[in-house]
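Enquirer: Let me begin by handing over the structure; questions about it come next.
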Amino acid sequence: MRLQTIEKLCCPFDRTDLELTVTSRDVEDRVIAGFLICPSCERLYPIVKGIPIMNPDEYREFHLEQPLVRQWEAWLNGRSFTNFRLTSETTPETPGFSK
């Protein structure tokens, strides 16, 4: 997919401009793989073989997208992928014990 086309896309849920991360391009500088993130609702939309997957959540299959997201861990900066959204990986604090 050409960058000019991707720049025209917006989140189908809240119509916010999307942030693009490219993981591979072809020799003509078209995006072959990567993902789009909505900064408002934190949804992640994968780009597979040049096609952005932007279906409504109920028509997406999480188990099919999960392997792609694992490949992009370096680009996600420690964030996890849950319910088609990115979340910060924070561990709950363990309560301290007093003697």
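Enquirer: For G34, which of the numbered conditions (1) in a loop (DSSP other than H, G, I, E, B); (2) at positive phi fails to hold?
Expert: The number of the failed condition is (1).
Enquirer: Out of all the residues in segment 12-23, is one or more basic (K, R) and either over 13 Å from the mean Cα position of the chain (by Cα) or at pLDDT below 90 (or both)?
Expert: yes
Enquirer: Could you please let me know if T5 is surrounded by 13 or more Cβ atoms within 10 Å (Cβ to Cβ) and among the polar types (S, T, N, Q)?
Expert: no
Enquirer: Which of the residues spanning segment 8-31 are touching a Lys or Arg at 6+ places or on another chain (Cβ under 8 Å) and either surrounded by 17 or more Cβ atoms within 10 Å (Cβ to Cβ) or free of Cβ contacts under 8 Å to residues at least 24 places away in the same chain (or both)?
Expert: C11, V31
Enquirer: Just name the residue that is surrounded by the most Cβ atoms within 10 Å (Cβ to Cβ) out of those in segment 38-92 that are in a strand (DSSP E or B) and among the charged types (D, E, K, R).
Expert: Out of the qualifying residues, it is R43.
The values are calculated or read from the model by the stated rules, or taken from the named source; none is laboratory data. Note that the structure is predicted; figures quoted are calculated from it, not measured. When we count neighbours, we look across all protein chains shown, and the Cβ atoms used for this are built from the backbone with ideal geometry, even at glycine.
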